[in-house]
Amino acid sequence: MITIARESPRQDDVIALIRQSDALMQSLYPAESNHLVDAESLAVLNVHFFVAREHGRALGCGAFVLGEDRSLAISAGDLLAILSAGAYAMVMASNYNTRPRPCEVLVDRGEAREVRARERVESLFALEKRLEGA
């Protein structure tokens, strides 16, 4: 079962996810297009940081940064709808440069279920044919 909960970004496995995400963004976009944030910058009062886990393993993370005049009250059992995931939603996902697409998670009546597994690098090459003489 996949769970999504508010957690501290100051955890080793979460810091590793943030670094992986940063490395991906740096490989895809020029420096002026990257607005990377470290774990310490995410561990402040106006940032609500969340981690998705399956059997304790961190799968992904995200944050809401609240403005000075806003508040966000989220409790266990609340349903949180993210209406826009930007270019990183599955509909825009790509395996360009042999980057496996992420898993998809469906939340229905408070239960999160993986509905599409994360793509594996091996599957990206599964249909390829070797050229004779190569």
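A short reminder: the numbers here are calculations on the coordinates, not readings from a lab. Keep in mind that what you see is a predicted model, and the values were worked out from it rather than measured. Cβ placement follows ideal geometry from the backbone for every residue including glycine, while neighbour counts extend to all protein chains displayed.
I need 42, 66 ordered by Cβ neighbour count within 10 Å, fewest first.
Numbers: 42 20, 66 13.
Least crowded to most crowded, the residues run 66, 42.
Look at (i) 12, 35, 28, 15, 6, 3, 1, 0; (ii) 9, 34, 37, 14, 4, 2, 0; (iii) 9, 27, 34, 23, 6, 0: the one that is P(r) over Cα pairs in 10 Å bins from 0, in percent derived from this structure is (ii). To the nearest 10 degrees, how steep is helix 12-28 against the longest Cα principal axis of the chain, on a 0 to 90 scale? The angle comes out at about 60 degrees.
What range in the chain is the longest one free of GluC sites (Glu not before Pro) that are in a loop by DSSP and have at most 13 other Cβ atoms within 10 angstrom? All intermediate terms of the calculation are to be shown ahead of the outcome.
On the way: sites that count: 68, 128, 132.
That would be 1-67.
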